[in-house]
1. Restricting to region 162-188, count the residues that are in a loop (DSSP other than H, G, I, E, B) and aliphatic (A, V, I, L, M).
2. If only one of ALA281, ALA250 is in a loop (DSSP other than H, G, I, E, B), out of contact with any strand residue (DSSP E or B) (no Cβ under 8 Å at 6 or more places or on another chain), among the aliphatic types (A, V, I, L, M) and open to solvent by less than 60 Å² (accessible area, probe 1.4 Å), which one is it?
3. Whether any residue in region 81-99 is modelled with pLDDT under 95 and assigned to a loop (DSSP other than H, G, I, E, B) is what I want to check.
4. Return the pairs, sorted by first residue and then second, in which the second residue is open to solvent by less than 10 Å² (accessible area, probe 1.4 Å), the first residue lies in region 194-216 and is part of a helix (DSSP H, G or I), the beta carbons are less than 9 Å apart, and the residues are 6+ apart or on different chains.
5. Taking region 175-199 as the search range and keeping residues that are out of contact with any His (no Cβ under 8 Å at 6 or more places or on another chain) and hydrophobic (A, V, I, L, M, F, W, C), which one is most open to solvent (accessible area, probe 1.4 Å)?
6. Considering (1) under 27 Å from LEU178 (Cα atoms); (2) modelled with pLDDT of 95 or more; (3) open to solvent by less than 40 Å² (accessible area, probe 1.4 Å); (4) among the hydrophobic types (A, V, I, L, M, F, W, C), say which one ALA13 fails and leave the rest.
7. Of all residues in region 290-316, count the ones that are part of a loop (DSSP other than H, G, I, E, B), touching a residue at least 40 places away in the same chain (Cβ under 8 Å) and crowded, with 17+ Cβ neighbours inside 10 Å.
8. Within the group THR51, THR72, which residue is at pLDDT 95 or above and within 22 Å of ALA238 (Cα to Cα)?
Amino acid sequence: MLFPARLSPARRAVAALVAAGALAVVTATPASAATDAELAARWAPIHHQDTDSSDYDADYLSTVDFDGDWDTRNNWEAQDDAPARLTGAAYYSVVETSTHWFITYSFYHPRDWEDFPDPFGLFTHENDMEGLLAAVRKDGTSFGRLDAVITVAHRDFHSYVPAGGTFTGGRQGVDGTLLVQDQRPTTRQEAKGHGLYAWDGAEFPGGDGVVYVPGPTGEVPSGGNDRSVAYRLVDAFAPGGLWARRSDPATFAGWGTLRGDNGKDDAANTAWGWDDDDDGADLPRGLPAMDPAYLVSVYFANRGDFSLTYTRNAYR
């Protein structure tokens, strides 16, 4: 299929998804029910991954089992063995109430790293997983309307509302306006430490970075300054997948904590282990997965019709 030359690389990638049928949003009947995979594909962000020139591929996205096994204690070492294995990916999960779908997206890197030695493991650790929670209102259409996003940056959550959205600040206030491109949220992720925020529209620090766009298959960046790379969506609830292995001692050191022995031991968390250190004792770790409705109800006000009762939640 040919696309007009005036389309940006990101827009051409999204157009290709539509042509391949991966984005049913264009042709779906409004009253039809979308699957979780379709919902996740519809709202998956255009993701701006900053890279560091001292080791570009250490900032590429991948999966926990990118090296062919689920032993997370060898992922640091395997990261640079064969960068061609670092195909773009993001884990997703969907839970719902009568008023909303709550979709988590988790971006995995084998290393949280620095470009200086860290012999005492104070600044680095094996495995890294940060991401976002999207609150999507059921408005009678197949894919709903995006109300708000909460992103995870290290030990802090940040809240954003798209332009024209009704949600306002709750306990901690809104951190900014969520920019939308091709009807998708846009996000940015730091190099090395990989804290995740809403994209502010700015160029990458230093001018180099990878723009990941959702696609039917994941791609490996051609280098540290590739502006259109597809990432695939991986169901966190898939049989034999991330959630199914939540009690596997080869992968997890504890509830929601990935096992790792480079740098600081056991320092990376999955969505059911994410936590904000200072948002209140009533908000325990893991809420972006386990109880996203309650988290959103605390972080935002002026929510309108908003249910806290789940019609389904496979995390519980």
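1. 3
2. Checking each option against the conditions leaves just ALA250.
3. yes
4. Cβ pairs passing all conditions: GLY206/THR51.
5. VAL180
6. Going through the list (1) under 27 Å from LEU178 (Cα atoms); (2) modelled with pLDDT of 95 or more; (3) open to solvent by less than 40 Å² (accessible area, probe 1.4 Å); (4) among the hydrophobic types (A, V, I, L, M, F, W, C), ALA13 breaks only (2).
7. Number of matching residues: 4.
8. On inspection, the qualifying residue turns out to be THR72.
The values are calculated or read from the model by the stated rules, or taken from the named source; none is laboratory data. Please read these numbers as outputs of a predicted model, since none were measured by experiment. Don't worry about glycine lacking a Cβ; one is built from the backbone with ideal geometry, like all the others, and counts go over all protein chains shown. In case anyone asks, the SASA skips ligands and DNA or RNA and just uses the protein heavy atoms, side chains included. Shrake-Rupley method; radii C 1.70, N 1.55, O 1.52, S 1.80 Å.
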